[in-house]
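Colleague: The following block contains the structure, expressed as structure tokens.
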Amino acid sequence: MRYISTRGGMSPQNFSEILLSGLAQDGGLAVPESYPRVDAAELESWRYLSYPELAFEILSRFMDDIPTANLRDIITRTYTSKLFGSADITPIKTLEPGLHILCLSNGPTLAFKDIAMQFLGNLFEYTLAKTGSELNILGATSGDTGSSAEYAMRGKQRIRVFMLSPYGKMSRFQTAQMFSLQDENIYNIAIQGVFDDCQDIVKAVSNDHPFKKGHHIGTVNSINWARIAAQIVYYFKGYFAVTQSNDEFVSFSVPSGNFGNIFAGHVARMMGLPIKHLILATNENDVLDEFFRTGLYRPRTTSETHHTSSPSMDISKASNFERYVFDLAERDSARIKELWQSVENGNGFDLFGTAIWAKAKDLGFLSGSSHHTNRIETIRETYKKYGVLVDTHTADGIKVGLENRESDIPLICLETALPVKFSDSIQEAIGKEPEPAPGFEDLEKLPQRFIVMDKDVNEVKQFISSKLRS
């Protein structure tokens, strides 16, 4: 398996060569030269595999330069019942016949990001030990990526984490989960802005190639292909859990901010998984819903980005969307470079009426948006009807999923996080707070360690440099 850049300026590389790099040198994102295809016999042979066994079958196709025994060991150490609460890793919760929740939030930070991030932590440690090098991770989070990354990397040898987050715009639980960590290799930087400002800083640093190389900068955001690859696995696992045979179709409803989670579903479908529709759910920041309805991709400014009760989706520039449009454009890197130059200039692009737009309509994406009133009502009704409590982002996915549900196609709604992370909204919805998560009862009372900065690339670079000298 070889990887290229969406913008055409990177010679083909193997997986290990792109693992630590984040953005390609031309500013694009690494993608496989082609997606591996799974035939009917292989799909059938995977149906009853354990999660680690299934993960190996899928990930070995994307990471074929890692020796088989080593990759198996990394996967087996990652996906354990001790870490994820059950041997299923991502169990299915059936609300009613044909309506399911894929439970992805049983990891150490109670969010779906743990599924990929715990694997990434072990993968990084293996790679760095083999090469004798170091890695300084620079990331941006709207809420859950940060804590998942920090919990996966805390205490690991040869790794430091510098995590940017929008100051005052995460939930109290999310904030405490990150800022209460006292590990010496973890640095939390609260940026005076929104998530997109944090993400822009990460990309700016990644595009400063001398600084990036000299300071061994890597990333754990979903621009890192390894995270996408790890998320592909649970689409297969969810499909097998709700079907009896491989001639059945299912649809997935996915709350989406940075487009990484649903892009993993797109790759699963390109590999041959029988997915009827991928249903994208946004919150009030509905840039992606607007695209799938109209063909217009129009990222919002900082002042136009809403601070909502599903804050992990308060994103107006979805990094992984570039990978998807690359596929739509028949992998025309010159076209992608042109489109994203427009985005980087503060504009967007309109594909309505083009061949790219026609292909987008054929690929089976549906979309919708959900606002605060919708998600509170969905939390309330799901709890009342099924006795199941969901968080605000999962509620967005359920709401939009039900709007697009087909009676003869099973619908799987992807869980984003556990309700305890958003207790104010749960209180509003059902009149009481969710039960505390074991081990996190006094989380918000712990001392917090972080630094506040303006949205200034140079200030962030100076901070990183100072910590690497100390």
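The values are calculated or read from the model by the stated rules, or taken from the named source; none is laboratory data. Quick caveat, the model's predicted, so the values are computed rather than measured. Virtual Cβ from ideal backbone geometry, glycine too; neighbours counted across all protein chains shown.
Colleague: Can you tell me how many residues within segment 154-174 are assigned to a helix (DSSP H, G or I) and within 18 Å of the chain's Cα centre (by Cα)?
Modeller: 1
Colleague: With respect to Leu54, determine if the residue is hydrophobic (A, V, I, L, M, F, W, C) and in a loop (DSSP other than H, G, I, E, B).
Modeller: no
Colleague: I need a count of the residues in segment 198-220 that are under 21 Å from Asp454 (Cβ atoms), crowded, with 19+ Cβ neighbours inside 10 Å and out of contact with any Leu (no Cβ under 7 Å at 6 or more places or on another chain).
Modeller: Total meeting the criteria: 2.
Colleague: Which of the following residues is within 18 Å of the chain's Cα centre (by Cα), outside any loop (DSSP other than H, G, I, E, B), farther than 28 Å from Asp396 by Cα and not β-branched (Val, Ile, Thr): Leu71, Leu59? Spell out how you get there, then give the answer.
Modeller: On the way: Leu71 fails: within 18 Å of the chain's Cα centre (by Cα).
Result: Leu59 is the single residue among Leu71, Leu59 that is within 18 Å of the chain's Cα centre (by Cα), outside any loop (DSSP other than H, G, I, E, B), farther than 28 Å from Asp396 by Cα and not β-branched (Val, Ile, Thr).
Colleague: Can you tell me how many residues within segment 295-329 are of a type in the set (Lys, Arg) and more than 19 Å from Gly28 (Cβ to Cβ)?
Modeller: Kept after step one, since they are of a type in the set (Lys, Arg), are these residues of segment 295-329: 298, 300, 317, 323.
Next, only the ones that are more than 19 Å from Gly28 (Cβ to Cβ) stay: 298, 300.
So the count comes out to 2.
Colleague: Could you please let me know if Asn224 is farther than 25 Å from Ser369 by Cβ, crowded, with 24+ Cβ neighbours inside 10 Å, under 14 Å from the mean Cα position of the chain (by Cα) and at pLDDT below 95?
Modeller: Answer is yes for this residue.
Colleague: Going through segment 287-303 one residue at a time, which ones are at pLDDT 95 or above and over 22 Å from Ile336 (Cα atoms)?
Modeller: Listed by number, the list is empty, since nothing qualifies.
Colleague: Here is a further query. Filter segment 304-326 for residues that are at pLDDT below 95, under 19 Å from the mean Cα position of the chain (by Cα) and not in a loop (DSSP other than H, G, I, E, B); which is surrounded by the fewest Cβ atoms within 10 Å (Cβ to Cβ)?
Modeller: Ranking the candidates gives Pro311 first.
Colleague: Name the single residue that is surrounded by the most Cβ atoms within 10 Å (Cβ to Cβ) among those in segment 357-408 being assigned to a loop (DSSP other than H, G, I, E, B) and of a type in the set (Gly, Ala, Ser).
Modeller: Ser370
Colleague: Further question: Anything in segment 115-174 that is β-branched (Val, Ile, Thr) and free of Cβ contacts under 8 Å to residues at least 24 places away in the same chain? List them, or say none.
Modeller: Residue satisfying the conditions is Thr131 alone.
Colleague: While we're on this one: Restricting to segment 1-18, name every residue that is in contact with a strand residue (DSSP E or B) (Cβ under 8 Å, 6 or more places away or on another chain), outside any loop (DSSP other than H, G, I, E, B) and either of a type outside the set (Ser, Thr, Tyr) or surrounded by fewer than 19 Cβ atoms within 10 Å (Cβ to Cβ) (or both).
Modeller: Ile4, Gln13, Phe15, Glu17, Ile18
Colleague: Sort out for me the helices (runs of 4 or more DSSP H) sitting completely within segment 219-302 that have 3 or more residues that are over 29 Å from Ser21 (Cα atoms) and touching a residue at least 24 places away in the same chain (Cβ under 8 Å).
Modeller: Answer list for segment 219-302: 225-242, 287-294.
Colleague: Going by what's in this entry, would Asn122 be described as closer than 26 Å to Asp73 by Cβ and of a type in the set (S, T, N, Q)?
Modeller: Yes: the conditions hold for Asn122.
Colleague: Within segment 31-51, take every residue that is outside any loop (DSSP other than H, G, I, E, B) and of a type in the set (A, V, I, L, M, F, W, C) and give me the one that is nearest to Tyr324 (Cα to Cα).
Modeller: Top of the filtered list is Val31.
Colleague: Give the residue, chosen from Asp183, Asp144, that is surrounded by fewer than 20 Cβ atoms within 10 Å (Cβ to Cβ) and among the acidic types (Asp, Glu).
Modeller: Asp183
Colleague: Given the conditions (1) surrounded by 15 or more Cβ atoms within 10 Å (Cβ to Cβ); (2) outside any strand (DSSP E or B), and given that Ala129 satisfies all but one, which numbered condition is not satisfied?
Modeller: In the conditions (1) surrounded by 15 or more Cβ atoms within 10 Å (Cβ to Cβ); (2) outside any strand (DSSP E or B), Ala129 misses (1) alone.
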